[in-house]
1. Go through 163-170, 17-24 and give me the packing order, highest mean Cβ count within 10 Å leading.
2. Could you go through region 148-160 in sequence order and give the Karplus-derived ³J(HN,Hα) for each residue, using 6.51 cos²θ - 1.76 cosθ + 1.60 with θ = phi - 60°, rounded to whole Hz, and x for Gly and Pro?
3. Calculated FRET efficiency, residue 143 and residue 87, Cβ-Cβ r, R0 22 Å, to nearest 0.05?
4. Carbon and sulfur together cover what percent of the accessible area of the chain at a 1.4 Å probe radius?
5. Under 18 Å from the Cα of residue 63, which aspartates and glutamates turn up, not counting those fewer than eight places away in the same chain?
6. For region 45-178, what is the accessible area per residue in Å² when the probe is 1.4 Å?
7. Using a 1.4 angstrom probe and counting only protein chains, how large is the accessible area of residue 151 in Å², to 10?
8. Taking 7 Å along the Cα-to-C-beta vector as the label spot, tell me the residue 14-residue 60 distance in nanometres, rounded to one decimal.
Amino acid sequence: MALSHAIMTALLEDEMSGYELAKAFDVSLGLFWRASHQQIYQELHKLADKGWLRRETVAQAGKPDKIVYGLTAAGQDALSDWVLGGSRVQEGKDDLFVKLYNLGRDNAAHLAAEVEQRREKMMQRLYLYERIRRRHYAKPEALPVRRKGVYLALLAGIRQGEQFLAWCDEALAMLATVDKR
């Protein structure tokens, strides 16, 4: 998936400025697709230049003008074409797993601490996901069609997080057995 598709998806329901989009991205699609604010702004310009987004300058009292972006019909068509195309999983790169290939008596405690930190971060993420699920998706069967898709993506994140926690627990138990002599 290109960042452009994530941005256009975020603009399906509402027009937003780059700042608003970056903030919304941090708490929605950003849970599954990482992008810096700078990357988002650069992509907004490219999408507008392609005609897939329209830009409107909005005057603000006491502040610089802001540019609001909205999806055009051509952008909706491009997004629809992308949805109908094939999907691919992006392989992850995680240096912790490479470090585990180097497990030894001298670094087992350090690696256990890294796994514990990852576990804590995942617990925080799962707490957020559950808050979102309870607040916005308590009755998934009653959701409008598009929101059901958002729910399914959120549910995948929850299930992956739960599996990662189980792995962390297993890894910590095994690392605790490494003899430190």
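The values are calculated or read from the model by the stated rules, or taken from the named source; none is laboratory data. Bear in mind the structure is a predicted one, so any value in this text is a computation, not a measurement. Backbone-built Cβ (ideal geometry, glycine too); neighbour counts: all protein chains shown. Quick note on the areas: whole protein, heavy atoms, side chains included, nothing else; ligands and nucleic acids left out. Shrake-Rupley method; radii C 1.70, N 1.55, O 1.52, S 1.80 Å.
1. On the way: 163-170: 13.4, 17-24: 17.4.
For the peptides 163-170, 17-24, the packing ranking is 17-24, 163-170.
2. Karplus-based 3J(HN,Hα) across region 148-160 equals 5, x, 5, 4, 4, 5, 4, 4, 4, x, 5, 5, 5 Hz.
3. Calculated value: 0.50.
4. Here it works out to 54 percent.
5. Excluding near neighbours in sequence, the set is 20.
6. I get 72 Å² per residue for this part.
7. 40 Å²
8. So the two model labels end up 1.5 nm from each other.
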